[in-house]
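Peer 1: Below you will find the structure I want to go over with you.
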Ligand SMILES: [Zn+2]
């Protein structure tokens with residue numbers, strides 16, 4: 001049976017000689033990183049993994065327009081779900097487990113020849129992001145040029161300089177972090193397409209992502225238009241998140257306003273991928 005696969009267009013669907021050839025050419029490696037996590041009553045657990053895979057696939061296509069070949073790594077989805085681990089379906093590992101596994105996997109790739117690695121993450125949990133910072137530091141210490149590409153939905157609420165979510169971890173340097181800015185086109189589309197003010201989890205944006213690109217995975221029998229928004233302000237969310245009270249704040253699991261979702265809003269993923277590819281291309285040009 002044929003259908004959508006998170007391996008489509010990735011290294012996992014290549015043969016080893018194809019991998020060898022790409023690795024020996026030091027082809028940039030795009031690394032989708034996410035989790036399996038509750039996404040409300042209406043979205044599949046794999047929403048973030050689909051999002052990360054989609055972004056990397058779109059970025060790969062855009063890089064080709066710059067004449068840059070790239071390879072997408074198999075999506076990594078055993079991340080840290082400290083915030084939502086009280087919901088069945090949210091798989092979580094300890095941060096040190098994620099650091100060990102992902103560092104070792106990306107070291108494998110570097111040993112074959114993929115020494116330029118771009119991490120495209122689609123999960124906002126602070127501990128998960130702190131683990132990514134550590135992964136980049138340990139890869140850099142081993143001579144791997146690993147870089148966090150921060151843009152899109154995640155950039156809206158992950159602040160890599162904020163000592164609160166990252167504790168004692170040193171922030172990422174300019175070599176280790178690409179901050180993707182909206183182009184004029186993306187900024188205008190964001191203003192036009194975004195209808196809700198608070199959109200953290202399984203809200204307008206991610207519901208639109210699934211409606212636009214993966215409609216067959218929307219939960220059957222759930223009327224998205226009738227889902228109530230949660231909560232009414234950001235402070236209530238931050239309080240709940242830091243006190244482990246996510247499920248009390250949102251018994252259904254979402255933080256945001258899924259009822260405002262529309263398939264056309266999913267267009268933002270395409271535009272953000274264009275901006276991310278342009279930023280990666282510029283980064284690679286500066287390195288050469
Ligand atoms: Zn998500």
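Peer 1: Within segment 43-53, restricting attention to residues that are touching a helix residue (DSSP H, G or I) at 6+ places or on another chain (Cβ under 6 Å) and crowded, with 23+ Cβ neighbours inside 10 Å, which residue is nearest to residue 30 (Cα to Cα)?
Peer 2: Per the criteria, the residue is 51.
Peer 1: Could you list all residues from segment 63-108 that are crowded, with 20+ Cβ neighbours inside 10 Å and under 20 Å from residue 13 (Cβ atoms)?
Peer 2: Selection gives 63, 70, 71, 72, 73, 75, 76, 77, 106.
Peer 1: Step by step: first the residues of segment 169-205, then only those that are in a helix (DSSP H, G or I) and either within 16 Å of the ligand (Cβ to nearest atom) or in contact with a strand residue (DSSP E or B) (Cβ under 9 Å, 6 or more places away or on another chain) (or both), then the one that is farthest from residue 117 (Cα to Cα). Which residue is that?
Peer 2: 204
Peer 1: Between a first residue in segment 37-52 that is touching a residue at least 12 places away in the same chain (Cβ under 8 Å) and closer than 21 Å to residue 118 by Cα and a second residue that is assigned to a helix (DSSP H, G or I) and more than 7 Å from the ligand (Cβ to nearest atom), which pairs have beta carbons less than 6 Å apart while being 6 or more apart in sequence or on different chains?
Peer 2: 51/209
Peer 1: Continuing with this model, one more query. Any residue that is away from the ligand (no atom under 16 Å from the Cβ), modelled with pLDDT of 95 or more and over 18 Å from the mean Cα position of the chain (by Cα) - is there at least one of those in segment 119-128?
Peer 2: Among the residues of segment 119-128, not one is away from the ligand (no atom under 16 Å from the Cβ), modelled with pLDDT of 95 or more and over 18 Å from the mean Cα position of the chain (by Cα), which makes the answer no.
Peer 1: If I ask for residues that are touching a helix residue (DSSP H, G or I) at 6+ places or on another chain (Cβ under 8 Å) and either surrounded by fewer than 20 Cβ atoms within 10 Å (Cβ to Cβ) or outside any helix (DSSP H, G or I) (or both), which ones from segment 270-288 would you list?
Peer 2: Those that are touching a helix residue (DSSP H, G or I) at 6+ places or on another chain (Cβ under 8 Å) and either surrounded by fewer than 20 Cβ atoms within 10 Å (Cβ to Cβ) or outside any helix (DSSP H, G or I) (or both): 270, 274, 278, 281.
Peer 1: Is there a residue in segment 259-278 that is under 20 Å from residue 87 (Cβ atoms) and over 19 Å from the mean Cα position of the chain (by Cα)?
Peer 2: No: zero hits.
Peer 1: Still on this model: Residues being assigned to a helix (DSSP H, G or I) and more than 23 Å from residue 252 (Cα to Cα): count how many of those fall in segment 88-131.
Peer 2: Going through segment 88-131 one residue at a time, the tally reaches 21.
Peer 1: Tell me, which residue of segment 43-70 that is outside any helix (DSSP H, G or I) and in contact with a strand residue (DSSP E or B) (Cβ under 8 Å, 6 or more places away or on another chain) is nearest to the ligand (Cβ to nearest atom)?
Peer 2: 45
Peer 1: If you scan segment 206-238, which residues turn out to be surrounded by 13 or more Cβ atoms within 10 Å (Cβ to Cβ), away from the ligand (no atom under 16 Å from the Cβ) and not in a helix (DSSP H, G or I)?
Peer 2: Residues satisfying the conditions are 222, 229, 231.
The values are calculated or read from the model by the stated rules, or taken from the named source; none is laboratory data. Because the structure is predicted, anything quoted here is derived from the model rather than measured. Cβ sites come from the backbone with ideal geometry, for glycine too, and all protein chains shown count toward neighbours.
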